[in-house]
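Before any comments, here is the structure.
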Amino acid sequence: MTVVGSSPAWPNPGGAQSGYLVEGPGQLLLDCGPGVLGRLRELNGGWPRIDSVVITHWHLDHWGDLVPWVWGNMVGPGKGTEKPELWLPPQGRGRIRDFGTRLGWEDMFESTFDVRDYEEAVPFKTAAGLEVVAIRLPHYTLRTYGLRVSNGDHTIAYSGDSGPDDRLADVARDADLFVCEATLLAPNPEGGTRGHLSAVEALEASEAGGAKRLLLTHRPSERPLENGFELARDGLEITV
Ligand SMILES: [Zn+2]
Ligand SMILES: [Zn+2]
């Protein structure tokens with residue numbers, strides 16, 4: 001897995017927002033925030049050859065670069081390349097057509113991607129040859145999902161954005177690697193409905209799920225991290 005972008009809702013200096021590339025046998029991209037497409041182009045020198053993209057939720061830092069992906073596919077270097085699958089949260093096809101109407105034209109995303117909705121808790125096989133299951137998590141009032149990606153032998157779990165919840169342990173369950181957000185310095189400075197985790201809360205979820213390795217991400221660089229945690233940085237590669 002390559003951390004393509006690890007920034008939170010605002011970019012860290014020089015950073016890309018959420019994007020995690022899982023390779024083997026095909027290429028699977030988890031989230032596609034602003035900055036991710038340029039980084040993917042840097043990785044392979046041309047236009048990305050991604051088999052499947054899976055989006056956790058509709059905050060822009062997790063999907064914004066799907067928009068320039070369309071422009072590059074329509075009139076740029078992506079022209080003529082095969083359509084990647086684009087797996088969206090439930091009812092996502094309607095949502096992305098609505099965004100299309102406002103940002104370009106109604107079926108702009110369908111012109112570039114093979115658009116599908118996933119269902120909560122129903123495993124789906126991606127064109128990258130990896131199985132994914134989406135588990136619903138709390139994130140303010142927005143519908144969002146944590147993802148488990150498996151090749152049958154190994155599992156990578158990804159929290160997306162989430163407040164604390166027992167289901168985070170289900171996302172992390174026995175995973176070889178748990179990529180978990182740790183946006184906050186302290187458990188709940190925001191007040192009200194929870195949307196994010198502190199590092200300690202991420203660790204608690206990881207331990208409750210029995211994950212073998214925890215990689216924290218989505219962390220503002222202004223918020224120092226206590227010792228003993230592993231923090232994602234853009235470009236980090238991990239073999240699972
Ligand atoms: Zn986010
Ligand atoms: Zn979010």
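The values are calculated or read from the model by the stated rules, or taken from the named source; none is laboratory data. Quantities reported herein were computed from a predicted structural model and do not represent experimental measurements. Quick reminder, even Gly has a Cβ in these numbers, built from the backbone with ideal geometry, and neighbours come from all protein chains shown. These area figures cover heavy atoms from the full protein model, side chains too; ligands, DNA and RNA do not enter into them. Shrake-Rupley method; radii C 1.70, N 1.55, O 1.52, S 1.80 Å.
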TODO: First compute the accessible area of region 89-156 with a 1.4 Å probe, then give the percent of it belonging to carbon and sulfur atoms.
DONE: 44
Task: Carbon/sulfur fraction of accessible area - region 168-240, other protein chains in place, 1.4 Å, % - done: 50
Open item on the list: Suppose the chain between LEU231 and TRP10 were pulled fully straight at 0.36 nm per residue; how much longer would it get relative to their current alpha carbon spacing?
Closed with: 77.9 nm
Open item on the list: What is the angle, in °, between the Cα long axis of helix 199-209 and the longest principal axis of the Cα atoms in the chain? Nearest 10 is fine, range 0 to 90.
Closed with: 90
- [ ] Determine the shape class of region 57-105: with a ≥ b ≥ c the square roots of the Cα gyration tensor eigenvalues, call it rounded for a/c under 1.5, and otherwise prolate if a/b is greater than b/c, oblate otherwise.
- [x] prolate
TODO: Would you mind checking the tilt of helix 92-103 against the longest principal axis of the Cα atoms of the chain, expressed as 0 to 90 degrees and rounded to 10?
DONE: 60
Task: Local net charge near LEU137, Cβ-Cβ under 11 Å (Lys/Arg +1, Asp/Glu -1) - done: -2
TODO: Could you pull out which residues in region 1-37 have an amide N less than 14 Å from a spot 7 Å beyond the Cα of TRP58, following the Cα-Cβ vector?
DONE: none
Task: Cα centroid separation, region 186-231 to region 16-61 (Å) - done: 23
Open item on the list: Need one number: nm distance between label points at VAL200 and ASN44, each 7 Å from Cα along Cα→Cβ, rounded to one decimal.
Closed with: 4.3
Open item on the list: Suppose only helical runs count, i.e. DSSP H with n ≥ 4. What mean residue ellipticity at 222 nm does that imply for the chain under -39500 (n - 2.57) per run, divided by all residues and rounded to the nearest 500 deg cm²/dmol?
Closed with: -6000 deg cm²/dmol
Open item on the list: If you count only protein heavy atoms with a 1.4 Å probe, what accessible area per residue comes out for the chain, rounded to a whole Å²?
Closed with: 42
Task: Computed over region 11-107, the ratio Rg/Rh where both radii use C-alpha atoms and Rh is Kirkwood - done: 0.94
TODO: For region 175-240, just say rounded, prolate or oblate: build the C-alpha gyration tensor, square-root its eigenvalues into a ≥ b ≥ c, call rounded for a/c under 1.5, and beyond that prolate if a/b exceeds b/c, oblate if not.
DONE: oblate
TODO: For THR101 and LYS125, compute 0.36 nm times the residue count separating them, minus their Cα-Cα distance, and round to one decimal in nm.
DONE: 5.7 nm
- [ ] Would you kindly derive the ³J(HN,Hα) couplings of region 61-71 from the backbone phi angles with the Karplus curve 6.51 cos²θ - 1.76 cosθ + 1.60 (θ = phi - 60°), listing them in order in whole Hz, with x for Gly and Pro?
- [x] 5, 10, 8, x, 7, 5, 5, x, 4, 5, 5
Task: the chain, relative contact order in percent, only Cα pairs under 8 angstrom and at least six apart counted - done: 18
